[in-house]
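Every read-out reported here was derived from the displayed coordinates using simple, explicitly stated rules and does not represent laboratory data. The shown structure was predicted, so the numbers you read here are calculated from the model rather than taken from an experiment. Heads up, the Cβs are rebuilt from the backbone with ideal geometry, glycines too, and the neighbour counts pull from every protein chain shown.
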Ligand SMILES: Cc1cc2nc3c(=O)[nH]c(=O)nc-3n(C[C@H](O)[C@H](O)[C@H](O)COP(=O)(O)OP(=O)(O)OC[C@H]3O[C@@H](n4cnc5c(N)ncnc54)[C@H](O)[C@@H]3O)c2cc1C
């Protein structure tokens, strides 16, 4: 029987990045992540050793410029690495994502002083980053945030609270969207991005939110009670540009989430094609039944399409192109494929798939988050349609 990695090569087709780092990560995932992920995930533990491995392998540093200690590699390579990591465990991709997003924002818009202060720690992975937009009354409608930052001398005095902050429990820096002008019209002009450091007086993190999946990274609330954040931590030094920073950073987040989704879908397929050849009914392996073959064929075809869309968006980012349409399509399609494939994997496994003895149960719980995070798929469709209507506008 062909090894699963060989099968994956076939499915991956031309889109696969052959860089050494991807091969190394694949080997690490097979040897270290897959054998331990279920137990750690069921225990709800932070994966201390796997996180240390990721730091040691330089996986935080892929897209950081060399001057900050990064590897200066492409988003295409980043996408392939995130896919591999998440073939083992989706939560690990969320841990790396914080630094990817915040690092992108700082590299793109940070002042020189901010870059020097924050980027080396983020690139090495010694400092964890979190990205905080959502509030109890502002999720999809990000412009409705209420956390207020009022300038007072050399500081901003911040009041409010944030919800659903991935890596919120362990982060050293939080790129936080705040309202510096609540009366601005349009509303987005009143939003600014502050780099909040963990030790900021008046800042604290709340409870760990109990989630159905996406375990590994902790998800918390944040509280600001007259928190004094130095004005020097205003991203780029300009008020009113936070929404633009947020939208730009979320594109990197969408490359990450689309890649995560391909990895999870691939894991579901890998498990299914093995099990289908082992499990016998009516005297033959279930892989001999056409009903199961159709599932395997649909899964593999959709995964390949999702991977190609995702790598295409990453390559366009590498080329410096505008990618809101491309990455929106990739995120939408790949995360829907992950939802479909994880459900189909449960069906292929029958009853055992519904138990905690099989990893497919974990994949099934991890998949829905990706349809919600980094902009819900409803919103991706709206963004895609808006761009298409611009492109195909008739007089
Ligand atoms: C585990 C987890 C981790 C997260 N991590 C982070 C993080 O690190 N940082 C962060 O800032 N946020 C984070 N989030 C928050 C996440 O980004 C939001 O949950 C998401 O943006 C949706 O917002 P909401 O939950 O308020 O849903 P709502 O905005 O209330 O939306 C509810 C439903 O209505 C739909 N909807 C809303 N408005 C429209 C519209 N105009 N048109 C059509 N449909 C619409 C939505 O698509 C959705 O289906 C996380 C969430 C989870 C669950």
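Which residue, 196, 29, 284, tops the fluctuation ranking in a GNM of the chain built on C-alpha contacts under 10 Å?
Highest fluctuation of the listed residues: 284.
Per 0.36 nm of contour for each residue apart, how much would the distance between residue 108 and residue 65 grow if the chain were fully extended, relative to their Cα-Cα spacing? Kindly include the intermediate steps, with their values, before the conclusion.
Details: separation 43, 0.36 × 43 = 15.48 nm, distance 1.10 nm.
Contour length minus Cα-Cα distance gives 14.4 nm.
Cα axis of helix 90-109 to longest principal axis of the chain: angle in degrees, 0 to 90, nearest 10?
Tilt relative to the chain: about 40 degrees.
Based on the Cβ-Cβ distance from residue 209 to residue 392, what FRET efficiency comes out when R0 is 45 Å, to the nearest 0.05? Each step should come with its number before you reach the end.
On the way: r = 42 Å, r/R0 = 0.92.
Approximately 0.60, to the nearest 0.05.
Just rank 215, 393, fewest to most, by other beta-carbon atoms within 10 angstrom. Provide the component values of the computation, followed by the final result.
Working: 215 25, 393 7.
With the fewest neighbours first, 215, 393 line up as 393, 215.
Please provide three numbers in whole Å: the alpha-carbon extents of the chain along the principal axes, with the largest listed first.
Taking the Cα atoms of the chain, the three principal extents are 79, 58, 39 Å.
Say R0 is 35 Å: what FRET efficiency, to the nearest 0.05, do residue 126 and residue 34 get from their beta-carbon distance?
Working: r = 27 Å, r/R0 = 0.76.
Working from the Cβ atoms, E equals 0.85.
Could you put 370, 329 in order, starting from the residue whose Cβ has the fewest other Cβ atoms within 10 Å? Spell out each step's value before the answer.
Working: 370 28, 329 23.
Placing the least packed residue first, the sequence is 329, 370.
Name the residue, out of 220, 281, 200, whose mean-square fluctuation peaks in a Gaussian network model built on the chain with Cα pairs under 10 Å.
Evaluated over the chain, the most mobile residue of the options is 281.
Of the DSSP beta bridges with both residues in the chain, give the percent that are antiparallel, rounding to the nearest 5. Before the final figure, lay out the partial values.
Details: 29 of 34 bridges.
If I count the DSSP bridges inside the chain, around 85 percent turn out antiparallel.
Within 10 Å of each residue's Cβ, count the other Cβ atoms and sort 386, 241 from fewest upward.
On the way: 386 13, 241 18.
Fewest to most other Cβ atoms nearby, the residues stand as 386, 241.
At 7 Å along Cα-to-Cβ for each site, give me the label-to-label distance between residue 376 and residue 199 in nm.
With each label point 7 Å from Cα toward Cβ, the separation is 4.1 nm.
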